[in-house]
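Take a look at the structure set out below.
The values are calculated or read from the model by the stated rules, or taken from the named source; none is laboratory data. Quantities reported herein were computed from a predicted structural model and do not represent experimental measurements. Heads up, the Cβs are rebuilt from the backbone with ideal geometry, glycines too, and the neighbour counts pull from every protein chain shown. Note: accessible area is taken over every heavy atom of the protein model, side chains too, but ligands, DNA and RNA are not part of it. Shrake-Rupley method; radii C 1.70, N 1.55, O 1.52, S 1.80 Å.
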Amino acid sequence: MFRNVLLSLLLSVLLYHEHANAQKKKETLLSEKVTQMMEWASKRSVIRMNGDKFRRFVKAPPRNYSVVIMFTALQPQRQCGVCRQADEEFQVLANSWRYSSAFTNKVFFASVDFDEGSDVFQMLNMNSAPTFLHFPSKGKPRRSDTYELQVKGFAAEQLARWVADRTDVQIRVIRPPNYAGPLLLGFLLAVIGGLAYLRRHNLEFLFNKNVWAFSALCFVLIMTSGQMWNHIRGPPYAHKNPSTGQVSYIHGSSQAQFVAETHIILLFNAAVTMGIVLLCEAATSDLDIGKRKIMCIAGIGLVMLFFSWLLSIFRAKYHGYPYSFLMS
């Protein structure tokens, strides 16, 4: 009896000692990983990772920190222009966090380039870039840990809101000063002021209805094409599938758009407007009947063709829309 009690006690001591050693090794390994991540972050706000680093510092336990990773393809041969734009915004976000007073080892920012970590892309069954994923400190990534790039765009402010939602870390985005806008505005005002000064004795052009009509029309076309949405959301110019190389200029959802898409819509709206103007001129001008017929035919052609294209884009984005004109 005494021997059994002694053996049980000895076994308990051994198990406790083994558990304590395992816990100590775990804490030591975690400390080494955090120290290494902090060292890398002190040199680069966005830590560059390959397959080995990803498996060791992101996938393998233990880990008490979150990692936000941008999967990208920045090499010139990949021809991913949107990857470079997204990388610039990601760098702004990471720098804002790295150089803030609230910086801790709770969140790290990293990137995996396809040419340096193709095995990571295969591991995650990923076939498009750029893609942003959040790897939480505990558990596996959920669906909400994948950033909806095509819906929200890749502006640093939008990414910061997503990071705050996933990690409870609030990042105040601080952008480097950009003097291009004020300089361009100052140059434009200087040109307008100079022209007004040179023609100070003949300012009748300021009262020309065609000048003001054209200016108002340009403003309306810009606003109705979605330029303000682009300014707020910061969507990519287009999307290129790195697997197939196919480039999409029209977003397939009604909840988002590409910059190229707004340019296309702007041109189509302008063509329809030009057709309406030609029809109005054909009906009211004093030109001979032959020229008026040509203007009328050209106006009808522009309106029918480009309105049909606009409607086809609308059908492609709003799936199930029943109506079409000339083309589906």
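Sum up the charges of everything whose Cβ sits under 12 Å from the Cβ of Ala283, counting Lys and Arg as +1 and Asp and Glu as -1, but leave Ala283 out.
0
Below 8 Å between Cα atoms, with a sequence gap of 6+, how large is the relative contact order for region 23-125 in percent?
43 percent
Hey, got a sec? Which chymotrypsin sites (Phe, Trp or Tyr not before Pro) in region 287-328 land in a DSSP loop and have at most 16 other Cβ atoms within 10 Å?
Sparse-neighbourhood loop chymotrypsin sites (Phe, Trp or Tyr not before Pro): Tyr318, Tyr323.
Within region 62-190, what percent of beta bridges assigned by DSSP are antiparallel, to the nearest 5?
Roughly 45 percent of the beta bridges in region 62-190 run antiparallel, per DSSP.
Which order, highest average first, do 252-260, 100-108 follow once you tally other Cβ atoms within 10 Å for each residue and take the mean per peptide?
252-260, 100-108
Suppose the chain between Leu217 and Leu184 were pulled fully straight at 0.36 nm per residue; how much longer would it get relative to their current alpha carbon spacing?
Difference between extended and current length: 9.7 nm.
Taking a 1.4 Å probe, which of Met70, Met304 shows the most accessible area, and what order do the others take after it?
Ranked from most to least accessible, the order is Met304, Met70.
If you take the Cα Rg of region 208-317 and divide it by 2.2 N^0.38 Å, with N the number of residues, what do you get?
Ratio of Rg to 2.2 N^0.38 Å for region 208-317: 1.33.
Restricting to the chain, what percent of DSSP beta bridges are antiparallel, rounded to 5?
Of the beta bridges lying entirely in the chain, close to 45 percent run antiparallel.
From Cα pairs below 8 angstrom and at least 6 apart in sequence, can you work out the relative contact order of the chain, rounded to a whole percent?
Relative contact order comes out at 14 percent.
Can you tell me how much longer the chain between Lys26 and Ile289 gets when fully stretched, taken as 0.36 nm per residue apart minus their C-alpha distance, in nm with one decimal?
Fully extending the segment from Lys26 to Ile289 adds 85.6 nm.
Modelling each spin label as a point 7 Å along the Cα-to-Cβ direction, I'd like the Ser253/Arg161 distance in nm, to one decimal.
Between Ser253 and Arg161, the label points sit 1.4 nm apart.
Hey, what's region 1-167 come to in accessible area per residue, 1.4 Å probe, Å²?
58 Å²
Can you put Cys280, Cys296, Cys80 in order of accessible area, largest first, using a 1.4 Å probe?
Putting Cys280, Cys296, Cys80 in descending order of accessible area: Cys280, Cys296, Cys80.
Pairs Lys25/Lys106; Lys43/Lys152; Lys24/Lys59; Lys26/Lys140: which exceed 28 Å Cα-Cα?
Too far apart for the 28 Å limit: Lys43/Lys152.
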